[in-house]
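K.L.:
Please read through the structure below; I'll follow up with questions.
Nothing in this text is a laboratory measurement; each read-out follows from the coordinates by a stated rule. All values reported here derive from a predicted model rather than from experimental measurement. Neighbour counts are summed over all protein chains in view; Cβ atoms, including those assigned to glycine, are modelled from backbone coordinates with ideal geometry.
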Amino acid sequence: MKTLSSKLLLGLALLGALVQARAADTVKVGVLHSLSGTMAISETSLKDVLLYTFDEINKSGGVKAGDKSYMIEPVIVDPASNWPLFAEKARQLLEKDKVSVVFGCWTSVSRKSVLPVFEQLNGLLFYPVQYEGEELSKNIFYTAEAVNQQAIPAVDYMLGEGKKKFYLLGSDYVYPRTTNKILKQYLKSKGIPDSAIVEIYTPFGHTDYQTIVAEIKKFSAGGGATVISTLNGDTNVPFFKEFANAGLTSENCPVVSFSISEDEFRGLPAKDLVGHLGCWTYFMSLKTPENASFVKGFNDWLKAPKVTGVDYQVSGIDTKGRVTCSPMNLSRMGVHLWKQAVEKAGSFEVDKVRTALVGQKFKGPAGEVTMQDNHHLVNNVYIGETLATGQFKVIKSFTGVAGEPFSEKFLK
């Protein structure tokens with residue numbers, strides 16, 4: 001009798017897991033990410049990694065609450081990069097779909113749009129993308145990088161490299177404006193005068209950067225200049241193309257971007273960004289056993305049958321050239337932290353889970369994280385230099401940086 005092939009065995013195992021998932025009790029979990037519009041370039045991958053993580057947990061037996069195990073049943077909505085629609089979709093998830101928790105949002109304006117909904121209905125949101133701080137809600141857990149875990153370390157690095165002129169360029173909404181307000185105050189405390197700081201904003205989806213890049217070229221004349229970029233979404237594509245066309249490089253005017261990760265590089269001319277910098281709490285290039293497992297697991301999952309039963313053909317999942325990045329890592333860790341808290345609380349009740357989340361630890365691909373009572377993580381921070389492959393070479397790291405949302409506590 002011939003031995004069953006490994007592919008057939010895998011298929012049978014997944015079929016068994018699917019049958020188990022459908023037969024067992026389920027818990028509904030919300031996914032609130034833009035799958036269309038200007039932010040789809042970034043947010044679609046967060047939806048994908050969440051579904052991977054749900055499958056990861058379901059295949060290991062699901063989430064245990066009390067004496068029962070529950071399979072995760074995702075409820076996916078598309079707010080379509082429309083900020084008011086985020087609030088409408090959040091209300092739908094909590095009131096109509098009765099989800100136990102929501103993972104979602106990218107921009108701060110989308111998070112601020114849904115915040116009153118979560119507070120009013122006592123829902124629970126995990127937010128996984130770098131942000132400006134100055135906020136703390138009992139209904140939100142911020143696995144993302146706070147300003148003191150991204151913008152401040154990056155500026156410190158550039159000051160250490162002898163940079164004395166800072167061009168602050170961002171998309172026109174709350175995250176860039178608040179971050180740059182903090183950075184201006186921080187730069188002044190380090191002896192950088194107002195005359196050496198420029199602050200410019202462009203709308204979402206902006207495409208004409210000729211005038212701005214000409215200004216940057218003039219600003220950088222004589223050396224010592226850097227661009228601190230908080231541009232979000234697909235507007236990065238025309239900016240960096242124009243930047244390269246103007247003869248600006250990482251040598252004569254390095255750009256430090258806070259919203260470009262490995263995933264955005266799939267739509268960017270990576271060869272034009274060589275040497276420019278990023279600052280995150282995770283890079284795909286990190287050499288740890290946990291990261292090797294994460295990267296392999298995600299890419300294997302993209303090609304395999306899915307346990308959750310979501311119709312991936314309809315959702316348009318892309319299996320080619322996929323990478324992992326910090327928001328994806330933070331999304332996945334948020335799910336695992338929530339699972340651990342549910343199991344500690346023995347319940348999906350928001351108040352009990354909220355209490356159980358504080359102090360939870362998870363050994364992720366970039367090191368162990370700890371959830372603090374301010375709903376932010378203690379995490380490692382890395383500064384990376386862009387390679388032509390669209391990956392980052394780590395050039396500086398900071399260990400165990402405690403996320404702090406309020407700038408008055410670190411601007412002293």
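K.L.:
Testing the spin-label approximation: label points 7 Å from Cα along Cα→Cβ at LYS188 and LYS320. State their distance in nm.
P.N.:
5.1 nm
K.L.:
Tilt of helix 289-303 relative to the longest C-alpha principal axis of the chain, in degrees (0 to 90, nearest 10)?
P.N.:
Taking Cα atoms only, the helix is inclined about 70 degrees.
K.L.:
Rounded to the nearest 10 degrees, what's the angle between the helix 6-23 long axis and the longest principal axis of the chain, both from Cα atoms, 0 to 90?
P.N.:
Rounded to the nearest ten degrees, it is 80.
K.L.:
Tell me which GluC sites (Glu not before Pro) from region 172-255 have a DSSP coil assignment and no more than 12 other beta carbons within 10 Å of their own.
P.N.:
Values: sites: GLU199, GLU215, GLU242, GLU251; in loops: GLU251.
Of the GluC sites (Glu not before Pro), the ones in loops of region 172-255 whose Cβ has at most 12 other Cβ atoms within 10 Å are GLU251.
K.L.:
Could you tell me which of rounded, prolate or oblate describes region 313-385, using a ≥ b ≥ c as the square roots of the eigenvalues of the alpha-carbon gyration tensor, with rounded for a/c under 1.5 and, failing that, prolate when a/b is larger than b/c and oblate otherwise?
P.N.:
Taking the square roots of the gyration eigenvalues as a ≥ b ≥ c, region 313-385 is oblate.
K.L.:
Within 13 Å, Cβ to Cβ, of LYS64, how many net charges do the neighbouring residues add up to if Lys/Arg are +1 and Asp/Glu are -1?
P.N.:
So the surrounding residues net to 0.
K.L.:
What do you get when you divide the Cα radius of gyration of region 28-173 by 2.2 N^0.38 Å, with N the number of residues?
P.N.:
My calculation over the Cα atoms of region 28-173 gives 1.20.
K.L.:
Can you give the local net charge around VAL369? Use residues other than it whose beta-carbon is closer than 10 angstrom to its beta-carbon, Lys and Arg +1, Asp and Glu -1.
P.N.:
Net local charge, VAL369 excluded: +1.
K.L.:
For helix 236-245, report the angle its Cα long axis makes with the longest principal axis of the Cα atoms of the chain; keep it between 0 and 90° and round to the nearest 10°.
P.N.:
It works out to around 40 degrees.
K.L.:
Of all DSSP beta bridges located in the chain, what percent are antiparallel, nearest 5?
P.N.:
Taking every DSSP beta bridge within the chain, about 40 percent pair in antiparallel fashion.
K.L.:
A further question follows. Under 15 Å from a label point 7 Å along Cα→Cβ of GLU119: give me every residue in region 129-156 with its amide N that close.
P.N.:
134-141
K.L.:
Hey, what number do you get for the chain at 222 nm if only DSSP H runs of n ≥ 4 count, each worth -39500 (n - 2.57), divided across all residues, to the nearest 500?
P.N.:
When only DSSP H runs of four or more count, the value is -12000 deg cm²/dmol.
K.L.:
For LYS344, put the label point 7 Å out on the Cα→Cβ axis and report which residues of region 370-408 keep their amide N under 16 Å from it.
P.N.:
Only 370-379 pass the distance filter.
K.L.:
Moving on to the next point. Go through 201-212, 169-180, 40-51 and give me the packing order, highest mean Cβ count within 10 Å leading.
P.N.:
Values: 201-212: 15.5, 169-180: 21.7, 40-51: 24.2.
Result, highest mean first: 40-51, 169-180, 201-212.
K.L.:
For region 36-66 and region 121-154, what is the separation of their Cα centres, given in Å?
P.N.:
Rounded to whole Å, the Cα centres lie 19 Å apart.
K.L.:
Let me know the Rg and Dmax you get for the chain when you use only its Cα atoms, in Å.
P.N.:
Here Rg and the maximum Cα pair distance are 21.5, 81 Å.
K.L.:
May I pose another question? Looking at this model, which pairs from LYS271/LYS296; LYS112/LYS138; LYS89/LYS344; LYS98/LYS352 are more than 21 angstrom apart at the alpha-carbon?
P.N.:
LYS271/LYS296; LYS89/LYS344
K.L.:
Moving on to the next point. Can you give me the Cα centroid spacing of region 333-395 and region 201-274 in angstrom?
P.N.:
With region 333-395 and region 201-274 each reduced to a Cα centre, they are spaced 30 Å.
K.L.:
Something else now. Please list, in order along region 350-361, the HN-Hα scalar couplings obtained from phi with the Karplus expression 6.51 cos²θ - 1.76 cosθ + 1.60 (θ = phi - 60°), rounded to whole Hz, x for Gly and Pro.
P.N.:
4, 4, 6, 5, 4, 5, 6, 5, 5, x, 5, 10
K.L.:
Further question: Under 23 Å Cα to Cα from LYS163, which lysines show up? Leave out anything in the same chain fewer than 8 places away.
P.N.:
LYS181, LYS184, LYS188, LYS190, LYS217, LYS218, LYS393, LYS396, LYS412
K.L.:
If you take every DSSP beta bridge whose two residues both sit in region 41-175, what share of them, in percent to the nearest 5, is antiparallel?
P.N.:
40 percent
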